1. Could you compute the net charge surrounding LEU284? Neighbours are other residues with a C-beta less than 12 Å from the C-beta of LEU284; K and R count +1, D and E count -1.
2. Taking the Cα atoms of region 287-329, report the difference between the largest and smallest coordinate on each principal axis, in whole Å and largest first.
3. Using Cβ counts within 10 Å as a stand-in for footprinting exposure, how do PHE90, PHE355 rank, fewest first?
4. So how do CYS234, CYS170 line up by other beta-carbon neighbours within 10 Å, fewest first?
5. Would you mind classifying region 37-135 by shape? Square roots of the alpha carbon gyration tensor eigenvalues, ordered a ≥ b ≥ c; an a/c under 1.5 is rounded, otherwise it is prolate if a/b is larger than b/c and oblate if not.
6. Among LYS271, LYS350, LYS289, which comes first, then next, by fewest other beta-carbon atoms within 10 Å?
7. With a Förster radius of 22 Å, plug the Cβ-Cβ distance of ALA87 and HIS51 into 1/(1 + (r/R0)^6) and report the FRET value to the nearest 0.05.
8. In the neighborhood of VAL74, defined by Cβ-to-Cβ distances under 13 Å, what is the net charge if each Lys or Arg adds +1 and each Asp or Glu adds -1?
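Just so you know, all these numbers are worked out from the coordinates, no wet-lab data involved. Quantities reported herein were computed from a predicted structural model and do not represent experimental measurements. Positions of Cβ are generated from backbone atoms using ideal geometry, with glycine treated the same way; all protein chains shown enter the neighbour counts.
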Amino acid sequence: MQQVTRPRESTVHPGLLQETDLKPRERKLPVLVAIGILAWNEEEAIGRTLHSLLQQSLFAELGKHNLSCEVICVINGSTDRTPEIAARIFSEQSVKHPYCQSFSGWVENLSEQGKQNAWNQFVHRCSSREAQYLIIMDADIVIHRTEALWNLIVALQNDEEISVTATMPCKDIAFKPRRAVNERLSMAMSQMTLAADGQLCAQLYCIRAAIARNLYLPRDLGACEDGFIKAVACTDFFAHENLPKRIQIVPGAEHTFEAYTSPLAVLRNQKRQIIGQTILHVLLDDHFKKLTMQQRMRLGETLRREDEADRFWIKRLIAGHLRRTRFFWQLYPGLLTVRWKRLKNLSAWKRIVCFPAAAGSVLVALVASFMAWNALKMGGTEYWPKKGGKTANDPRKSEMDHSTASTILAGELPNH
């Protein structure tokens, strides 16, 4: 059995957000880990997600070591029944679960939309200060290996060089005995993506609390928080060159998600990724290099202050980048070539199998980059497509009116 370190007073870190008096929760055991489920309008999926979560061996293991965890469903601006469904499940399981003494579960219903806000609230306000580890996950996945979450924690316990552990993301179509052509192409793309080192999927991961609480996700970061967290973790807050070993996909830890397979859904998902990668390029390759070492070491506080001082600061950086970028396929380095680089990491046979997917993805990326270019020019940073082809973002939240976008592009907009 792996040795588990009990929470110590020295592991308690102050949050970047002001704490409020949350409703009292009885805890008889020290809290080792806090689990945050970030949800927006997931009434159809939240039940399956919570069911798979509560089947985890984590709760039994915590019980053996006289430790506990928090399970917090952080709802960000939902308009459906997601909070009611989650609250009902927590209420039932607080009595029926065989290890109900090992966890406390509740819903934090935020009025403001945005995954970044939900992440910040969970990390800095909702979760216990004594938790050594934070598990952050989406509300529309299924954890199909019961030992997954415990394995994430044990891997961090056993190797101090690792900052973040993650599960292997598995597309739902991987379990189909027969796949259509578009589904085969989707699976081939997954093989190329996973061939790269230090991969982090934001759908489910475990991060050391000390690292997370020195982070803050800016309002306009967009749908690229995994790349942002990866860059911070692998460079220890930009103190040195990239060390992929800081992130580890743990054997025996997997989760399933619904894949994008229709042409329209794939195209829109590529648009989302290109918008996110462009924002990362502007921040990581330019803006953060201008920060002092002290600002980097206190990155969460630095970014929170920038958000408070100027709500449009990231949009301004993007506007400047667009003025300097001549063509839409040059939004960031490697936009069209990264697929070929990943293809080289595969074996000879897999290269042959994945070649059609790589070639097709270049054409998709070309079209998607034009779509992303236009969205960014309109001030759009929040964009999240649903699997069926519909977009999940509120246009009023993601794209400003034309006059506001134009003034930012011209560099004329005041700070507030």
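1. Surrounding charge for LEU284 is +2.
2. 35, 21, 13
3. PHE355, PHE90
4. Fewest-to-most ranking of CYS234, CYS170: CYS170, CYS234.
5. Oblate.
6. LYS289, LYS350, LYS271
7. Efficiency, rounded to the nearest 0.05: 0.90.
8. -3
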